[in-house]
Amino acid sequence: MIDLIINIILLTFLAITAIAIIRTTNLFATIMLFGIFSLLSATLFVVMDALDVAFTEAAVGAGISTILMLTTLALTKNHNEKRSHAHRPWLPLAVVTITGMALVYGTLDIPGFGDPAAPANTHVAQYYINNALPETGVPNIVTAVLASYRGFDTLGEVAVIFTAGVAVLLLLGGKPSSPNSNPRTNKKREEDET
Amino acid sequence: MIIDILSWVCLTVGGILGIIGAIGIHRFPDFYSRLHAVGIADTLSAILILLGLALQAGLSLAAFKLFLIFVFLFFTSPTASHALASAALHSGLKPKLADDEKKQ
Amino acid sequence: MFIVVSLAILITMGLALARAIAGPTVYDRIAAVNLFGTKTVLLIAVWAFISNRTDLLDIALVYALINFIGVIAVLKLVTVGDFHSSSVDKIDSAKADTE
Amino acid sequence: MLGLGLASIALTVFLAIRMNLFDDESYPFHLFSQFPAFFIYILNEIVKANIDVVKRIMKPSSISPQLVDIPVPQKSDLGRVIYANSITLTPGTVSVALSKDTLTIHALTKEASEDLTEGSMAKKIPDVVIKK
Amino acid sequence: MKRNPILRIVAKFLIPLIILFALYVQFHGDFGPGGGFQAGVIFSAALILYALVFGLEAAEKIIPPHILRLLASAGVVLYASVGVVSLFLGANYLDYSVLGSTQIKGQHLGILLVELGVGMTVTAVMLIIFFAFAGRGRP
Amino acid sequence: MDFIISHYNYWIVIFLMMVGLYTVISRGNLIKKIIGLNIFQVSVFFLYISMGTVKDGAAPIITEGVKLYSNPLPHVLILTAIVVGVATTALGLALVVRIKESYGTIEEDEIHEMDHSL
C-alpha cells in the first residue's frame, strides 16, 4: 500500500515540476528544475523496483546532463528565454490536448499498473527470471540480459554512444571560427547597429 | 525491543525536524536565513534518520553503507552551504541584517 | 513506522519543491535543490528498509555524491561564468579585487 | 574477485597520486586519536543549535541576522577548514568567506554570533601543523 | 595553488572515494545493481569534479585527450573482440559459453569483459563530451 | 477508484509526454526545446518501467526466498536508453552551441529571419 501512496505522490510532484519547467522563462531556473525532475524520476524508478535504471538515472540525469546543460548555458550566455513575439499557444495546445485524449482513450485497455498477468510480464521475461541464474551464474538478471542474452543490442548501444562522442568532438573539438568571417553574424551585427 | 523504540524515536524526530526545516525555508525572509533552515534538515534530521535506520540494520554491511552515506553528507553538506553562501555574497546579494532594520 | 518517516520526507520534498519553483533568487533555488537531493537520499535509504533491499543504499550513496557535484557545477557557472578556468583561483582573485 | 578488488585499489591509488591528492590535508591520519572527542563535541553543538533554530522557525520575528568577522586562531589550512565547516554544520551560523586569519560568518541570531566571537568552539578544533 | 581551502580539501578527500566507488559498481554489477554504464558515468563524474575544482587544464593533464579517444575506441573494440573470440572458438558471435572451461565460467568471464568495455567507452565518451563543452570558450 | 489508481501511472506518463511535445512545438528557444525532448524521453522511460512493474514483486536480482520478480526486460532497454539519451542530448547541445556561434542567437524565429534575409 505504502508503495502505491509514495508512487502517486511522487508522480504528482513530477507533473508539477514538468509544468513549472515549461512556465519558467529563466533558463537557469529551468535547468535547476530539470535537476529536480531527474532526482524525482530516479526515486520513482527505485519505487518501481528498477534498481539499475535508478542507478543510471541518478548518475546521468542529475549529474552529467545537468552539467552539460550548464556548460551550454555558459557558452550561449543567454539566460533568459525570449517570449515577446506574438504568443499563440492555442494551436499547439489543441494539438497536444487532442493527442493526449487519444492516448488516454488508449490506456483504458491497458492492464492495470503492477498486474502480474499482463502480457508484457508473461512472455520472455519469465524465461529470463527462471534461467538467468542457472545459465549464466549471474544473480543480477538485468546484467545477465544486458551483457549476455541481449549482448548484440548492447554492442549497438555502445557504438551509438561512441558515435555521439565522435560527433560532439567534430562539432566542438576545434577552435571556434572568428565571428567576423561569418556572413550571417555580420548581417545581424549591421542590423543591430542601424 | 529497546533498540526498536529508540530507532522509532530517532526516525520520527528526524522526520519532524525535516518538516520544520522545510517550513523554515518558507517562513524566513531572505536567502541567508533560509540557509540556516536548510541546515536543520541537512544535519540533525539526516543524522537522526540515518541513525534510526542503522539501529534497525544492526551490525551489517547495510550499517556500514549508512555510515558511508553519513560521512558523505557530513562532508558535503557544509561545503555546499558554504560555497552557496560565499557565491551569493560575491554576486552582490545583500543579506537582510537586524541592524539595518533598526536604522530604518 | 517507516511509513510515517517516508511521508514526512515526502512533505519536506514538497515544500522544497515549492521553494525551488517560487525562487525568487537563483540561490534560493540552488539551496532548495540541495535540500531536495538530501531528502531524496534519505527517502531511498528508508525505502531500502521498507522493501528489505539493502542494495538500494548504493543508489543513495550515488545520489549523495552526484548532488554535491551538481551543486558545485552550478556554483561554478554562477560565480565564474565558464568551465575552463580553475574556479577557486577566480573566486579568490575576485575577492582580492573587492577587498 | 579478490584480484579485481586489488586492481581497483591499485588504479585508484595510481590516479590519486597522479592528481596529487594524497597528503596530510586530505587524509589526516595523525588526527584520528583526537577525532572521537571532537565528534561528540560537534554532535552536541549541532543538537543545541538545532533546538535553537527550531524555536526561531516557530517565531520568525525573533531572528536578528548578523554578518560578523571572527578571528581564526588556526594556522594550517586544514584546521581552518575544519573550523569553517564545523561552524556551517551547526545550524544558525554559516561561514560565508574564509581568508587568511578572519572568517566571515552569517548568524541567525546575535547570541550565536557572540558565542563564536568569544571563540569557545575554536579552542576545540585541533590545530594541526602540517609538515611540508 | 588553489586558494579556496574548503573546496580543495573536501574535493581531495572525496575524489579517491568516488573513483573507488565507481570501480566497486563496475565489478559488483553481477551481484547487485550496477554495471558498466553506471560505473562509467560515476567515474567520469569524479574527474569532472576534479576539473571543476582544480581547473580544466589540470584535469586534461591527468587524462590527456588523446588517451581518452584511445580509451573510447578500445572499449568498443574490446566488446566486439570478445564476440570475435567466441566465433573462433566455434560458437555464435557473443556467445560466451565457450570462453571458460564450463558454461557458467565462460559466461561470467564474458560478461565481465563486456561490462569492462562498456565502462571504458562510457567513461571516455562522457569525459570527451565534457572537455569539449568546457574547453570551447577557452581563448 | 481502483481503476484510477491502477491507471494513474499511464495518465501521468501521457501528461508528461504532452508537456514535452508542447514544449518542443511551442517554445522557440533551442535549449528549452532540448529540455522538452528530455521530458518526453523520461515519459517513455516511465511507460516502459510501469509496464514491467509487478505488484509486490521484487527487484530482478535473484535472492533466496523471493518468488515474484519484476520484469527485467524493460529495465535493460531503458538502462541503455538513458545513457544513449544523454549522449544524444550532448550532441543536440553541441549543435545549439554551434548555432549560437554562427547565428548569434538561439531563438528559432530569429534564426529563420536570418536565413530568409540572406
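Which GluC sites (Glu not before Pro) does the range F:47-118 hold that lie in a coil by DSSP with at most 12 other beta carbons within 10 Å? Before the final figure, lay out each step's value.
Details: sites: F:GLU64, F:GLU101, F:GLU107, F:GLU108, F:GLU110, F:GLU113; in loops: F:GLU64.
Those that pass, being in a loop and sparsely packed, are F:GLU64.
Would you look at the GNM of chain B, springs on alpha carbons closer than 10 Å, and say which of B:ILE40, B:ILE69, B:ILE49 moves the most?
Looking only at B:ILE40, B:ILE69, B:ILE49, the biggest GNM fluctuation is shown by B:ILE69.
Is the shape of the range A:1-78 best called rounded, prolate or oblate, per the rule: a/c under 1.5 gives rounded, else a/b larger than b/c gives prolate, else oblate, with a ≥ b ≥ c the square roots of the Cα gyration tensor eigenvalues?
Numbers: a/c = 5.30, a/b = 1.64, b/c = 3.23.
Verdict is oblate for the range A:1-78.
Using a Förster distance of 60 Å, how high is the FRET efficiency between A:THR107 and D:LYS75, based on the Cβ-Cβ distance and rounded to 0.05? Before the final figure, lay out the partial values.
Details: r = 67 Å, r/R0 = 1.11.
Here the calculated transfer efficiency is 0.35.
Exactly which trypsin sites (Lys or Arg not before Pro) in the range A:1-87 are in a DSSP loop and have at most 12 other Cβ atoms within 10 Å?
Numbers: sites: A:ARG23, A:LYS77, A:LYS82, A:ARG83; in loops: A:LYS77, A:LYS82, A:ARG83.
Listed in order of number, the matching sites are A:LYS77.
With a point put 7 Å past each Cα toward its Cβ, work out how far A:ARG23 is from D:ARG18 in nm, to one decimal.
Roughly 4.8 nm, to one decimal.
I need the Kirkwood Rh of the range C:19-70: take the reciprocal of the average 1/r across all distinct C-alpha pairs and report it in angstrom. Show your work: numbers first, answer last.
Numbers: mean 1/r = 0.0854 Å⁻¹.
In the range C:19-70 this quantity evaluates to 11.7 Å.
Taking only Cα atoms and a 10 Å spring cutoff, compute GNM fluctuations for chain A and point out the largest among A:VAL53, A:VAL145, A:VAL104.
Maximum among the listed residues: A:VAL104.
Under 1.5 on a/c is rounded, so check that first for chain F, then, if it is not, pick prolate when a/b is larger than b/c and oblate when it is not; a ≥ b ≥ c are the square roots of the alpha carbon gyration tensor eigenvalues.
Oblate shape, in that a/c is at least 1.5 and b/c is the bigger or equal ratio.
Summing +1 for each Lys or Arg and -1 for each Asp or Glu, what net charge is found among the other residues whose Cβ lies under 14 Å from the Cβ of E:HIS28? Each step should come with its number before you reach the end.
Working: positive: B:LYS65; negative: A:ASP52, C:ASP55, C:ASP58, E:ASP30, E:GLU115.
In short, -4.
Positive end of the charge dipole of the protein assembly as shown (Lys, Arg +1 and Asp, Glu -1 on Cβ, about the Cα centre): tell me which of E:SER97, A:LEU10, E:PHE131 has its Cα farthest that way.
E:PHE131
Can you tell me the dipole magnitude for the range D:5-104 around its Cα centre, using point charges on the Cβ only (Lys, Arg +1; Asp, Glu -1), in Debye to the nearest 20? Numbers along the way, then the final one.
On the way: 8 positive and 8 negative charges, 76 e Å.
Computed charge dipole of the range D:5-104: roughly 360 debye.
Kindly report, to the nearest 10 Å², the accessible surface of F:VAL24 as traced by a 1.4 Å probe over protein heavy atoms only.
Roll a 1.4 Å probe over it and F:VAL24 shows about 40 Å².
Projected onto the charge dipole of chain B (+1 at Lys/Arg Cβ, -1 at Asp/Glu Cβ, origin at the Cα centre), which of B:LEU84, B:VAL71, B:LEU50 gives the Cα projection farthest towards the positive end?
B:LEU84
Helix B:61-90 versus the longest principal axis of chain B: what is the Cα-based angle in degrees, 0 to 90, to the nearest 10?
0
Quick one: dipole size for the range A:1-104, taken about the Cα centre, charges +1 on Lys/Arg Cβ and -1 on Asp/Glu Cβ, in debye to the nearest 20. Provide the component values of the computation, followed by the final result.
Numbers: 5 positive and 5 negative charges, 143 e Å.
Dipole size: approximately 680 debye.
Using the Cα centre as the reference, give the magnitude of the dipole from point charges on the C-beta atoms of the protein assembly as shown (Lys, Arg: +1; Asp, Glu: -1; all else neutral), rounded to the nearest 20 debye.
That gives a dipole near 1200 debye.
What percent of all Cα-Cα pairs in chain A falls in each 5 Å bin, counting up from 0?
Here the calculated profile for chain A is 1, 5, 7, 10, 13, 15, 15, 12, 8, 5, 3, 2, 1, 0, 0, 0.
Normalised by the empirical 2.2 N^0.38 Å for globular proteins, what value does the Cα Rg of chain E take? Walk me through the numbers before you get to the answer.
On the way: Rg = 18.0 Å, N = 139, 2.2 N^0.38 = 14.3 Å.
In units of the 2.2 N^0.38 Å rule of thumb, it is 1.25.
Apply the a/c threshold of 1.5 to the C-alpha gyration tensor of chain B and tell me whether it is rounded, prolate or oblate.
Numbers: a/c = 4.90, a/b = 2.07, b/c = 2.37.
Cα axes put chain B in the oblate bin.
Over the heavy atoms of B:SER91, what accessible area does a 1.4 Å probe trace out, to the nearest 10 Å²?
Here the residue's solvent-accessible area equals roughly 70 Å².
Could you report the accessible area of D:GLU114 in Å², rounded to 10, computed with a 1.4 Å probe on the protein chains as they sit in the structure?
Near enough 90 Å² of accessible area.
At a 1.4 Å probe radius, which order do E:VAL77, E:VAL10 fall into by accessible area, largest first?
Values: E:VAL77 90, E:VAL10 5 Å².
Ranked list, largest accessible area first: E:VAL77, E:VAL10.
According to a simple spin-label model (label point 7 Å from Cα along Cα-to-Cβ), what is the distance in nm between D:GLU111 and B:SER91?
Going by the 7 Å Cα→Cβ label model, 3.3 nm.
Residues of the range E:100-138 with backbone nitrogen within less than 20 Å of a virtual label 7 Å along the Cα-to-Cβ line of E:LEU87, please, listed as ranges.
E:100, E:107, E:110-111, E:113-115, E:117-118
Could you tell me the distance between the Cα centroids of the range F:19-91 and the range B:19-36, to the nearest Å?
If we compute the Cα centre of each part, the gap is 34 Å.
Kindly write out, for the range B:26-35 in residue order, the coupling ³J(HN,Hα) from the Karplus curve 6.51 cos²θ - 1.76 cosθ + 1.60 (θ = phi - 60°), rounded to whole Hz, with x marking Gly and Pro.
Karplus values, whole Hz, x for Gly and Pro: 9, 8, 7, x, 9, 4, 5, 6, 5, 4.
Can you give the helix-only mean residue ellipticity at 222 nm for the protein assembly as shown, where every DSSP H stretch with n ≥ 4 adds -39500 (n - 2.57) and the sum goes over all residues, rounded to the nearest 500 deg cm²/dmol? It would help to have the intermediate numbers written out before the result.
Details: 33 runs with 570 residues, N = 786.
The helix contribution divided over the protein assembly as shown gives -24500 deg cm²/dmol.
With r as the distance between the Cβ atoms of E:LEU109 and B:LEU61 and R0 = 25 Å, compute the FRET efficiency 1/(1 + (r/R0)^6) and round to 0.05. List each step's numbers first, then the result.
Values: r = 26 Å, r/R0 = 1.04.
With a Förster radius of 25 Å, E is 0.45.
The values are calculated or read from the model by the stated rules, or taken from the named source; none is laboratory data. In this text the structure is predicted, and so the values were computed from the model without any measurement. Cβ coordinates were reconstructed from backbone atoms using ideal geometry, including for glycine residues, and neighbour counts include every protein chain displayed. Just so you know, the surface numbers come from the protein's heavy atoms only, side chains and all, with ligands and any DNA or RNA stripped out. Shrake-Rupley method; radii C 1.70, N 1.55, O 1.52, S 1.80 Å.
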